[in-house]
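The next block holds one structure in the form of structure tokens; read it before the comments.
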Amino acid sequence: MTDLVIRALAPSDADLFHSLHDIALVGRGAFGHRYATVADGGEYRPDWTWAALRGNTVVARAAWWGSPDDTAPIALDWFDFAPGEEEAGAELLRRAPFRSEYSLLVPPGWREAPEVRAAAEGRIAAARAAGMEVLVERYRYTWTPDCPLPERPGRLTFRPEPDDAVILDVLRRVHSVTLDAHARRDIEGPGGLEAAARSELDFFHWCPSPREWWQLAYTPDGEVAGIQVPAHNPSGPCIGFIGVVPEARGHGYGYDLLVECTRFLVEQGAESIAGATDRANAPMAAAFARAGHPVTQERIDLVFAQG
């Protein structure tokens, strides 16, 4: 068998990425982008795009993604390989110099479709062989004007909060007891609860939407119930964050926060709103369903071990 060559693509040969045919349409552009380089009007950088070649044939490929201002990729956004080339895919991930999270997109109910399941499980196996592990499976939602627009329950009042220190304190409270797998991973790491809270705050600032959109929610007696952050990520409007403080849980306030976030974005002109939650987060999944946000995709997040 021809020796394997693994390298980043260059602007002059970035079209090699397209020479590998899509397999079962799984895991392509987890951020919703078609593959095109920045020079061609797309969002991918050749130096963040790697391929494994046998001779002149691409047998595995991976594209990492970040926003235009990012100096390092934030996610492995696209990863696949030719039939029988799972080890080439794993070797590509071992040799590439990035350790970003891998976000694998699959259709809803993907385990019930044999071809899709085989393609997804093949990618997961290759990522595991490269040293990654499944962190969490998530639901992805897309609200559009064809979906119901729920009425505001009216139980909470919402106010912008300009002080990052106040926002950070509420995030600490929210994550002190959490079902969110990414937050739990941060909490279990060396930075503890502080790292989990600051990771959320950093994400809010990373989004190009206005800072004044961030809102705290208050109960009728003036106590903080939680936080909701309507946002735009580089792909469009999204439910940036929904969090209820522990002492306010048990009242279904997650739904109130989600409704406010949805209606706020619609009032800003949004015609499509992305959202996500962990499959294991039953209360938040129930809130999305009740608020009329349909599951349009599922996502499997894989990470390299910490440390």
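The values are calculated or read from the model by the stated rules, or taken from the named source; none is laboratory data. Note that the structure is predicted; figures quoted are calculated from it, not measured. Heads up, the Cβs are rebuilt from the backbone with ideal geometry, glycines too, and the neighbour counts pull from every protein chain shown. Heads up: the accessible areas ignore ligands, DNA and RNA and are worked out on the full protein's heavy atoms, side chains in. Shrake-Rupley method; radii C 1.70, N 1.55, O 1.52, S 1.80 Å.
Considering Glu43, Glu91, Glu101, Glu86, which residue is charged (D, E, K, R), touching a residue at least 12 places away in the same chain (Cβ under 8 Å) and under 20 Å from Ala118 (Cβ atoms)?
Going through Glu43, Glu91, Glu101, Glu86 in turn, just one is charged (D, E, K, R), touching a residue at least 12 places away in the same chain (Cβ under 8 Å) and under 20 Å from Ala118 (Cβ atoms): Glu86.
Looking only at residues that are of a type outside the set (A, V, I, L, M, F, W, C) and closer than 12 Å to Ile167 by Cβ in the stretch 221-239, which one is surrounded by the most Cβ atoms within 10 Å (Cβ to Cβ)?
Gln228
Does Leu105 satisfy the criteria of being under 20 Å from Thr277 (Cα atoms) and hydrophobic (A, V, I, L, M, F, W, C)?
Answer is yes for this residue.
Quickly run through the stretch 74-100 and pick out the residues that are out of contact with any Pro (no Cβ under 9 Å at 6 or more places or on another chain), within 16 Å of Val303 (Cβ to Cβ) and not acidic (Asp, Glu).
Answer for the stretch 74-100, where residues must be out of contact with any Pro (no Cβ under 9 Å at 6 or more places or on another chain), within 16 Å of Val303 (Cβ to Cβ) and not acidic (Asp, Glu): Ile74, Ala75, Leu76, Phe79, Ala90, Leu93, Arg94, Ala96, Arg99.
For the stretch 291-307, which positions are closer than 15 Å to Ile239 by Cα, open to solvent by 40 Å² or more (accessible area, probe 1.4 Å) and of a type outside the set (Val, Ile, Thr)?
If the condition is that a residue be closer than 15 Å to Ile239 by Cα, open to solvent by 40 Å² or more (accessible area, probe 1.4 Å) and of a type outside the set (Val, Ile, Thr), then Pro294 is the only one that fits.
If I ask for residues that are of a type outside the set (A, V, I, L, M) and either open to solvent by 50 Å² or more (accessible area, probe 1.4 Å) or modelled with pLDDT of 90 or more (or both), which ones from the stretch 18-43 would you list?
Selection gives His18, Ser19, His21, Asp22, Arg28, Phe31, Gly32, Arg34, Asp40, Gly41, Glu43.
For the stretch 54-118, list the strands (runs of 3 or more DSSP E) that sit wholly inside it and hold at least 1 residues that are open to solvent by less than 10 Å² (accessible area, probe 1.4 Å) and charged (D, E, K, R); which are they?
Where strands (runs of 3 or more DSSP E) fall fully within the stretch 54-118 and carry at least 1 residues being open to solvent by less than 10 Å² (accessible area, probe 1.4 Å) and charged (D, E, K, R), they are 57-65, 75-81.
Does the stretch 142-154 contain at least one residue that is assigned to a strand (DSSP E or B), at pLDDT 95 or above, within 26 Å of Glu298 (Cα to Cα) and among the hydroxyl-bearing types (Ser, Thr, Tyr)?
Scanning the stretch 142-154 turns up at least one residue that is assigned to a strand (DSSP E or B), at pLDDT 95 or above, within 26 Å of Glu298 (Cα to Cα) and among the hydroxyl-bearing types (Ser, Thr, Tyr).
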